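The values are calculated or read from the model by the stated rules, or taken from the named source; none is laboratory data. Just so it is clear, the model here is predicted, and its values are computed rather than measured. Cβ sites come from the backbone with ideal geometry, for glycine too, and all protein chains shown count toward neighbours.
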Ligand code: C2E
Ligand code: MG
Ligand code: MG
Ligand code: MG
């Protein structure tokens with residue numbers, strides 16, 4: 001036996017440590033079994049043109065339908081997968097699912113439709129990530145420009161040169177690139193001028209502040225970020241609008257062209273998405 005019930009150290013491992021190790025081990029096994037059982041699936045959230053509500057794209061968000069605890073959020077399981085290495089299984093799975101589904105999106109919503117997939121910092125630094133993505137696109141004959149890869153601002157901080165090379169290779173392969181959660185990290189603003197990017201995603205924290213903004217200062221900040229993105233040739237996407245007030249402020253005060261948020265729709269399974277109308281209801285004019 002590894003430990004005695006009194007908590008005495010045997011083999012220099014405490015009871016607490018042993019129990020936490022077996023929990024981690026159990027979680028690893030649960031992840032692998034559930035993955036094999038097809039319990040890691042992609043949901044899709046519509047991305048719309050704010051003024052018209054027209055659906056122009058989607059973001060793919062992974063869900064773990066755990067056999068033990070029900071639905072688990074990627075905010076919980078992605079960090080675990082990054083630690084136990086399972087992220088190297090989940091990422092190709094996510095990219096492959098998107099590459100498989102993108103043709104159906106394009107058939108339903110038009111050839112310019114783009115689907116974004118999130119890439120973990122560990123994966124963007126892995127040397128074979130670009131070949132993996134290209135293989136997935138080739139396997140399903142996904143149209144050029146239909147896939148977009150999102151990385152967060154914080155992922156740019158480590159090994160920036162290396163990450164930039166990967167982003168450049170992705171764009172050469174016809175994959176669009178996005179900087180996610182913009183405004184929450186600590187990158188300097190001039191990164192926007194020399195990182196190979198197509199989209200800038202304005203973090204939800206800026207959008208939420210638009211609900212109660214009597215002096216207009218929050219709209220002014222969101223507007224300057226959006227203008228800066230546009231000046232750098234990027235398409236700006238606002239994240240996480242939940243109310244009509246926020247949508248109206250984004251249109252009228254911020255001048256942001258695109259958005260995705262619960263106001264329009266929550267992430268949903270592919271089949272539900274494909275049944276959506278061409279346009280979702282947007283904010284009415286004041
Ligand atoms: P993210 O890429 O910034 O995705 C946006 C998150 O905000 C999603 O949470 C989405 O469901 C949520 N959201 C969208 N609209 C609203 C809104 O109006 N209000 C609120 N409160 N939330 C909104 P989710 O799906 O839980 O994903 C969390 C994060 O997990 C993502 O943030 C992304 O960083 C990561 N993630 C998701 N799927 C994957 C994946 O396949 N691979 C990797 N590496 N990371 C993923
Ligand atoms: Mg994202
Ligand atoms: Mg985001
Ligand atoms: Mg986020």
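Side notes on the structure shown:
- Within the span defined as region 115-129, one or more residues are over 30 Å from residue 250 (Cα atoms), modelled with pLDDT under 95, within 14 Å of ligand 2 (Cβ to nearest atom) and not in a strand (DSSP E or B).
- Across region 38-74, the number of residues qualifying as modelled with pLDDT under 95 and more than 19 Å from residue 94 (Cβ to Cβ) comes to 4.
- Restricting 176, 222 to residues that are buried (at least 20 other Cβ atoms within 10 Å of the Cβ), more than 16 Å from ligand 2 (Cβ to nearest atom) and modelled with pLDDT of 95 or more narrows the list to 222.
- Among (1) over 19 Å from residue 242 (Cα atoms); (2) away from ligand 3 (no atom under 16 Å from the Cβ) - the single one residue 213 does not satisfy: (1)
- Consider region 226-262 and keep the residues that are within 14 Å of ligand 3 (Cβ to nearest atom) and out of contact with any helix residue (DSSP H, G or I) (no Cβ under 8 Å at 6 or more places or on another chain). The one that is nearest to residue 202 (Cα to Cα) is 237.
- Within region 79-101, the set of residues being touching a strand residue (DSSP E or B) at 6+ places or on another chain (Cβ under 8 Å), buried (at least 19 other Cβ atoms within 10 Å of the Cβ) and under 24 Å from residue 127 (Cβ atoms) comprises 90, 94, 95, 97, 98, 99.
- Residue identified as away from ligand 2 (no atom under 16 Å from the Cβ), under 30 Å from residue 22 (Cα atoms) and part of a loop (DSSP other than H, G, I, E, B) among 68, 83: 68
- Against the list (1) touching a residue at least 60 places away in the same chain (Cβ under 8 Å); (2) surrounded by fewer than 17 Cβ atoms within 10 Å (Cβ to Cβ); (3) in a helix (DSSP H, G or I); (4) in contact with a strand residue (DSSP E or B) (Cβ under 9 Å, 6 or more places away or on another chain), the condition residue 104 fails is (4).
- Residue check, residue 62 within 15 Å of ligand 1 (Cβ to nearest atom), within 23 Å of residue 181 (Cβ to Cβ) and surrounded by fewer than 13 Cβ atoms within 10 Å (Cβ to Cβ): no
- Between 18, 35, the distinction of being in a helix (DSSP H, G or I) and modelled with pLDDT of 95 or more belongs to 35 only.
- Residue count for region 144-166 under the criterion of being touching a residue at least 40 places away in the same chain (Cβ under 8 Å) and either more than 16 Å from ligand 4 (Cβ to nearest atom) or farther than 17 Å from residue 118 by Cα (or both): the result is 3.
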